[in-house]
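Enquirer: Please see the structure below; I have some questions.
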Amino acid sequence: MQKASLARTVETLGELEGLRNTLESYRSRTTVGLPDSFWSEVERLRLKGVADENELLANASWCIGEIGTAQDQFIEAYRLMRNDQFYNGWCALENCELALRSLRRHYLGDHARFGLDFMAEMVPRFQSLFPYRIFFSPAYLVEESHCSICGSPLGLDRGCDHQVGEVYWGKQCARVITAAKLLEISAVENPVQKYSVAFAQGSSYNYGAIRYVVRALRSPWHGWTYEKQDIDTGEPLFPGTGRNEQCPCGSGMKYKKCCWGKTRKKHHFLVFFDVPPPPGYPSYLEDARFEVPAEVPGPTVEASQTREGDSKPSPPGSCDGEQGSSWLTSRST
């Protein structure tokens, strides 16, 4: 099916006008998702397309639903992070990212109209402030699977004409695995599935940087950006360690031949908000550390702000942090 025709149908078909209007008002929704009536109407129109043998309508309904999913997951991520549910917020960001990826493949229309371009810019920006660096990546031997569209068994010598990722009659084709054997689990830095975060037992991550930013935002639809610098504190990386002792970094080498002479670093984030944070929001934090119980450490925060209309910012604040910590400065643009 021509993708240009699909985009025109999404953006101009009269039957979709009510759904389009709802999606275009995305900025009015900050913590609440789309109503059940929206999703019921999406499914009604998809089934109507199937009944009328109008695949264009069915697939346009899928696009509308996927746009709604992206918006809902973005709003949900904001709500969860505001409530200090950071891992769940991380997963919602990934769900939003997956919906955006599907839309880039199939919907060639106006992405700015429904906030898609904004989300595509902001999701990786939010993700970059999370302290997660190591993830698990499982490898499976697939023993049994079938096509989600027609149900045909899939294998080296069998299959069907449907392609994984393509949309047929308002449904996206997937490979459904019903039997598999786990072969291995690897620790990786750039995972395919970002939700597989490594959590060390008895420790916790430091969410200070992401918490500071998300609480400064009055709405998930307010833009922000940041600049990051590494500040050398001049302090020894492992103070109190003798030159001939084993290096605490775990290399197995003597300290003098490994990390001797290395110094502690702290991260400095200068944050720019399109909309000023709420009145009284701190422009400087000595330590932005925030940990969720039973999870591993990380950042600190500093901020300076301008009120709307100011030509010069107030003096920037600052904060100190340990190795792997963050220092944030914020300004309103």
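The values are calculated or read from the model by the stated rules, or taken from the named source; none is laboratory data. Just so it is clear, the structure is predicted and the values come from calculations on it, not from any experiment. Here Cβ is always computed from backbone atoms with ideal geometry, including for glycine, and neighbour counts include all displayed protein chains.
Enquirer: Could you grab the pairs with beta carbons closer than 6 Å, sequence gap of 6+ or different chains, first residue in the range 215-234 and closer than 15 Å to residue 26 by Cβ, second one of a type in the set (Asp, Glu) and outside any strand (DSSP E or B)?
Expert: Going by the 6 Å Cβ cut-off, the qualifying pairs are 222/274; 223/274.
Enquirer: For the range 171-199: of the residues being within 24 Å of the chain's Cα centre (by Cα) and aliphatic (A, V, I, L, M), which is modelled with the lowest pLDDT?
Expert: Here the answer is 192.
Enquirer: Here's a follow-up. Can you tell me which residue in the range 152-166 is nearest to residue 133 (Cα to Cα), limited to those that are surrounded by 11 or more Cβ atoms within 10 Å (Cβ to Cβ), over 24 Å from the mean Cα position of the chain (by Cα) and of a type in the set (A, V, I, L, M, F, W, C)?
Expert: Looking at residues that are surrounded by 11 or more Cβ atoms within 10 Å (Cβ to Cβ), over 24 Å from the mean Cα position of the chain (by Cα) and of a type in the set (A, V, I, L, M, F, W, C), I get 154.
Conditions (1) within 30 Å of residue 190 (Cβ to Cβ); (2) surrounded by fewer than 21 Cβ atoms within 10 Å (Cβ to Cβ); (3) not acidic (Asp, Glu), marked per residue:
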residue	(1), (2), (3)
12	no, yes, yes
29	no, yes, yes
53	no, yes, no
97	yes, yes, no
104	yes, yes, yes
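Enquirer: Considering only the range 140-166, state which residues are assigned to a strand (DSSP E or B) and among the acidic types (Asp, Glu).
Expert: Applying the first criterion (assigned to a strand (DSSP E or B)) to the range 140-166 yields 140-147, 153-155, 158.
Across the range 140-166, the qualifying residues are 143, 144.
Enquirer: Quick one: in the range 98-144, of everything that is of a type in the set (Asp, Glu) and under 25 Å from residue 4 (Cβ atoms), which residue is farthest from the chain's Cα centre (by Cα)?
Expert: First, pick out the residues of the range 98-144 that are of a type in the set (Asp, Glu): 110, 117, 121, 143-144.
Checking the rest, the ones that are also under 25 Å from residue 4 (Cβ atoms) come to 110, 117, 121.
Working: 110: 22, 117: 14, 121: 10 Å.
Looking at the filtered set, the residue picked out is 110.
Enquirer: Filtering the range 137-151 down to residues that are hydrophobic (A, V, I, L, M, F, W, C) and surrounded by fewer than 13 Cβ atoms within 10 Å (Cβ to Cβ), which residue is nearest to residue 44 (Cα to Cα)? Quick ask: steps written out before the conclusion?
Expert: Filtering the range 137-151 down to residues hydrophobic (A, V, I, L, M, F, W, C) leaves 139, 141-142, 147, 149-150.
With surrounded by fewer than 13 Cβ atoms within 10 Å (Cβ to Cβ) added as a condition, the list becomes 139, 141, 150.
Numbers: 139: 39, 141: 38, 150: 21 Å.
Restricting to residues being hydrophobic (A, V, I, L, M, F, W, C) and surrounded by fewer than 13 Cβ atoms within 10 Å (Cβ to Cβ), the top hit is 150.
Enquirer: Within the range 73-87, identify whether any single residue is surrounded by 20 or more Cβ atoms within 10 Å (Cβ to Cβ), acidic (Asp, Glu) and under 26 Å from residue 36 (Cβ atoms), and answer yes or no.
Expert: Checked the range 73-87: at least one residue is surrounded by 20 or more Cβ atoms within 10 Å (Cβ to Cβ), acidic (Asp, Glu) and under 26 Å from residue 36 (Cβ atoms).
Enquirer: Right, here's the next one. Restricting attention to the range 216-237, report how many residues are part of a strand (DSSP E or B) and touching a Phe, Trp or Tyr at 6+ places or on another chain (Cβ under 9 Å).
Expert: At the first step, the residues of the range 216-237 found to be part of a strand (DSSP E or B) are 224-236.
Now restrict to residues that are touching a Phe, Trp or Tyr at 6+ places or on another chain (Cβ under 9 Å): 224-229, 231, 236.
Residues that pass the stated criteria total 8.
Enquirer: A further question on this structure: For residue 202, state whether it is assigned to a loop (DSSP other than H, G, I, E, B), among the small types (Gly, Ala, Ser) and over 26 Å from the mean Cα position of the chain (by Cα).
Expert: Numbers: assigned to a loop (DSSP other than H, G, I, E, B): yes; among the small types (Gly, Ala, Ser): yes; over 26 Å from the mean Cα position of the chain (by Cα): no.
Answer is no for this residue.
Enquirer: OK, next. Which pairs turn up if I take residues in the range 123-138 that are outside any helix (DSSP H, G or I) and look for partners that are among the polar types (S, T, N, Q) and exposed (fewer than 14 other Cβ atoms within 10 Å of the Cβ) with beta carbon separation below 6 Å, at least 6 apart in sequence or on another chain?
Expert: Filtered contacts from the range 123-138: 137/186.
Results for (1) in a loop (DSSP other than H, G, I, E, B); (2) at pLDDT 50 or above; (3) basic (Lys, Arg); (4) under 26 Å from the mean Cα position of the chain (by Cα), shown as yes or no for each residue.
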| site | (1), (2), (3), (4) |
| --- | --- |
| 261 | yes, yes, no, no |
| 276 | yes, yes, no, yes |
| 288 | yes, yes, no, yes |
| 293 | yes, yes, no, yes |
| 308 | yes, no, no, no |
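Enquirer: Now for a different question. Quick one: which of 168, 140, 132 is modelled with pLDDT of 95 or more, out of contact with any helix residue (DSSP H, G or I) (no Cβ under 6 Å at 6 or more places or on another chain) and hydroxyl-bearing (Ser, Thr, Tyr)?
Expert: On the way: 140 fails: modelled with pLDDT of 95 or more; 132 fails: modelled with pLDDT of 95 or more.
Checking each option against the conditions leaves just 168.
Enquirer: Across the range 8-44, what is the number of residues that are closer than 30 Å to residue 79 by Cα and over 29 Å from the mean Cα position of the chain (by Cα)? Give the derivation first.
Expert: Here is the first cut: in the range 8-44, the ones closer than 30 Å to residue 79 by Cα are 10-11, 16-44.
Keeping just the survivors that are over 29 Å from the mean Cα position of the chain (by Cα) gives 17, 44.
Adding up the residues that qualify gives 2.
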